[in-house]
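Accompanying notes for the structure given below.
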Amino acid sequence: MAAFDPSDELSAELDFRLLRNTCVTLFWDPAILATTIAWLGEHGYRTVEIDAARWTREADLHRDIAAALDFPDHYGKNLDALNDCLRDVAAGDYGADLGATGFVLVLRHYDKFAAAQARAAHALLDIFADQARGALLIGHRMMCLVQSDDPRLTFPAVGATPVLWNDAEWLNSQRGL
């Protein structure tokens, strides 16, 4: 399956707008995130939500992601192993359903983890973006929606692409709303 049908009017489709520039998108407004998640669900995406508010150590990330994505028992609980397992998710081995339109990982309150473990927080997003780009090459859509309670949260580029704010909040901020 092609990632998107080139005969469709893509510029208006939410999933296309989310994936056009990056596989990792920031959200601050919970209502915009809820609307986005609902739209994706209505369009056949499998969504997994994880609350990162209590993550203070890298081990917390590994524990919760492994459980949420059904990682195998031999998961090594380190960033290299995370990369390997997310590659398997991209291939549809577990954690994602290739019969779905795509896979969405929602990380709530991620700014708390980024404040406590900046390197690990960036590494997770970088690994996800890299594996999501690979998934697109085989026609599997993967995206990560990162909710922050801090509207000033930023990250260096991930997967060689920028981490951008969703277009609804970006447009509102440009209009002074």
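The values are calculated or read from the model by the stated rules, or taken from the named source; none is laboratory data. Computed from a predicted structure; not experimentally measured. With ideal geometry, Cβ positions are generated from the backbone for all residues, glycine too; neighbour counts draw on all protein chains shown. For accessibility, only protein heavy atoms count, side chains too; no ligands or nucleic acids. Shrake-Rupley method; radii C 1.70, N 1.55, O 1.52, S 1.80 Å.
Here are a few things to note about the model shown:
- Residue in the stretch 85-103 that is over 19 Å from HIS62 (Cα atoms), of a type in the set (S, T, N, Q) and at pLDDT below 95 present: yes
- Residue in the stretch 74-94 that is part of a loop (DSSP other than H, G, I, E, B) and within 23 Å of THR154 (Cα to Cα) present: no
- Close Cβ contacts (under 9 Å, 6 or more residues apart or on different chains) running from residues in the stretch 34-59 that are of a type in the set (D, E, K, R) and open to solvent by 50 Å² or more (accessible area, probe 1.4 Å) to residues that are modelled with pLDDT of 95 or more and part of a loop (DSSP other than H, G, I, E, B) comprise ASP51/HIS109; ARG54/HIS109; ARG57/GLN117.
- Subset of the stretch 133-150 [at pLDDT below 95 and either assigned to a helix (DSSP H, G or I) or surrounded by fewer than 18 Cβ atoms within 10 Å (Cβ to Cβ) (or both)]: ARG133, GLY134, ALA135, LEU136, LEU137, ILE138, GLY139
- Any hit, the stretch 116-129, residues being without any contact (Cβ under 8 Å) to a residue 24 or more places away in the chain and either surrounded by fewer than 20 Cβ atoms within 10 Å (Cβ to Cβ) or in contact with a helix residue (DSSP H, G or I) (Cβ under 9 Å, 6 or more places away or on another chain) (or both): yes
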